[in-house]
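Visitor: Sharing a structure with you now.
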């Protein structure tokens, strides 16, 4: 049977969780489809890690790559205008203009994946950080109803999209997290890590300030892995503190490479999708601290039974939870093992195979 073509739409590629998902999705889908990646990027390193079966359509236009909106429109125009086939497009980011084309009755099938937080009336702790973009996000989400299939990461999103936006075909599909071997032990001094993009959304400033403050009472090593616009501010904070902070910079697959050194992973996102780094940490049995009601923190950490949840934007709650983990690491280990056992929700069958089945249903 001849394979069908599927175009993965990812016009703006940097180093983050979405790009990891792109690698996993494209590799898996290439077993059943002819996979084409549509992009306009100069991040060759990220393209080099993709499966060799994935055919890359990279326009390499510097003028349009300087603006995310123009880059998006440019990639859509190029792919729509260069083929006469009825396309199957899987949008992994910046869906708005593709949804507009569907609204205008352009003849292609559209799958989109909600990669970050959307307004769903239940993520109140996240919504207060989304107020500046609230109106824009509401407009963008409204046009999701014109997609043939919407992939999202939570049942709250699904209910909101179905009831409020009237999206007809919504599937909850989690990210895939394979299990790895690993076990933590008690130490005299523990390594506490932040891993992720150093941007305001991920709030590494919250992490570094609170870790330095807590470090006055209990001795532990503070580590940061990542790159982004907050790096200079982090360095300034560290320069004014006597506490030693190790800044690794960006490391490809940093959690996998450093998992033996990591005793505690902290997530401090103001709003988020899954996030990937939390699931990856659980897959290595690393004790985790994450904000309550942000992304899938509650689900992955079983509402605190399989990890630690602090109240978002609360310095006191964050430090109290981290202090508890450091002073009772045996309990932290026990919780991490419980989280590891609960990874069935993120198995191959419940994620990638469910994704393939959902795509086949619209063909």
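Visitor: Of all the helices (runs of 4 or more DSSP H) wholly in the stretch 302-363, which have at least 3 residues that are within 26 Å of residue 175 (Cα to Cα)?
Guide: Details: elements: 315-327, 329-341, 352-361.
The helices (runs of 4 or more DSSP H) meeting that bar are 329-341, 352-361.
Visitor: Let me spell it out: the conditions are (1) crowded, with 22+ Cβ neighbours inside 10 Å; (2) farther than 21 Å from residue 331 by Cβ, and residue 257 meets all of them except one. Which number is the exception?
Guide: (1)
Visitor: Report yes if residue 265 is buried (at least 21 other Cβ atoms within 10 Å of the Cβ) and in contact with a helix residue (DSSP H, G or I) (Cβ under 9 Å, 6 or more places away or on another chain), otherwise no. Working first, answer last.
Guide: On the way: buried (at least 21 other Cβ atoms within 10 Å of the Cβ): yes; in contact with a helix residue (DSSP H, G or I) (Cβ under 9 Å, 6 or more places away or on another chain): yes.
Yes, satisfied.
Visitor: Now for a different question. When you check residue 67 against the structure, is it without any contact (Cβ under 8 Å) to a residue 40 or more places away in the chain, within 21 Å of residue 98 (Cβ to Cβ) and loosely packed, with under 14 Cβ neighbours inside 10 Å, yes or no? First the steps, then the outcome.
Guide: Values: without any contact (Cβ under 8 Å) to a residue 40 or more places away in the chain: yes; within 21 Å of residue 98 (Cβ to Cβ): yes; loosely packed, with under 14 Cβ neighbours inside 10 Å: yes.
Yes, satisfied.
Visitor: Exactly one condition in (1) within 22 Å of the chain's Cα centre (by Cα); (2) over 23 Å from residue 183 (Cβ atoms); (3) surrounded by 15 or more Cβ atoms within 10 Å (Cβ to Cβ) is not met by residue 229; state its number.
Guide: That leaves (3) as the condition not met.
Visitor: Just wondering, is there one or more residues in the stretch 319-341 that are more than 30 Å from residue 6 (Cβ to Cβ), under 22 Å from the mean Cα position of the chain (by Cα) and without any contact (Cβ under 8 Å) to a residue 60 or more places away in the chain? Quick ask: steps written out before the conclusion?
Guide: Just the residues of the stretch 319-341 that are more than 30 Å from residue 6 (Cβ to Cβ), to begin with: 319-341.
Still in the running and under 22 Å from the mean Cα position of the chain (by Cα): 336, 339-341.
The next check asks that each one be without any contact (Cβ under 8 Å) to a residue 60 or more places away in the chain; those that pass are 339, 341.
Within the stretch 319-341, one or more residues are more than 30 Å from residue 6 (Cβ to Cβ), under 22 Å from the mean Cα position of the chain (by Cα) and without any contact (Cβ under 8 Å) to a residue 60 or more places away in the chain.
Visitor: Would you call residue 298 surrounded by fewer than 17 Cβ atoms within 10 Å (Cβ to Cβ) and in a helix (DSSP H, G or I)? It would help to see each step written out before you state the result.
Guide: Numbers: surrounded by fewer than 17 Cβ atoms within 10 Å (Cβ to Cβ): no; in a helix (DSSP H, G or I): yes.
No.
Visitor: Does residue 249 meet the test of being surrounded by fewer than 17 Cβ atoms within 10 Å (Cβ to Cβ), under 23 Å from the mean Cα position of the chain (by Cα) and at positive phi? Step through it out loud before you land on a result.
Guide: On the way: surrounded by fewer than 17 Cβ atoms within 10 Å (Cβ to Cβ): yes; under 23 Å from the mean Cα position of the chain (by Cα): yes; at positive phi: yes.
Yes.
Visitor: Working only within the stretch 301-326, note down all residues that are in contact with a helix residue (DSSP H, G or I) (Cβ under 7 Å, 6 or more places away or on another chain), at pLDDT 95 or above and buried (at least 17 other Cβ atoms within 10 Å of the Cβ).
Guide: Within the stretch 301-326, 301, 306, 307, 308, 309, 310, 318, 319, 322, 325 qualify.
Visitor: Against the definition (free of Cβ contacts under 8 Å to residues at least 40 places away in the same chain and part of a loop (DSSP other than H, G, I, E, B)), how does residue 224 come out, yes or no? Show your work before the answer.
Guide: On the way: free of Cβ contacts under 8 Å to residues at least 40 places away in the same chain: yes; part of a loop (DSSP other than H, G, I, E, B): no.
Taking the combined requirement at face value, the residue does not satisfy it.
The values are calculated or read from the model by the stated rules, or taken from the named source; none is laboratory data. Not measured: the values here are computed from a predicted model. Using ideal geometry, Cβ is built from the backbone for each residue, glycine included, and neighbour counts are taken over all protein chains shown.
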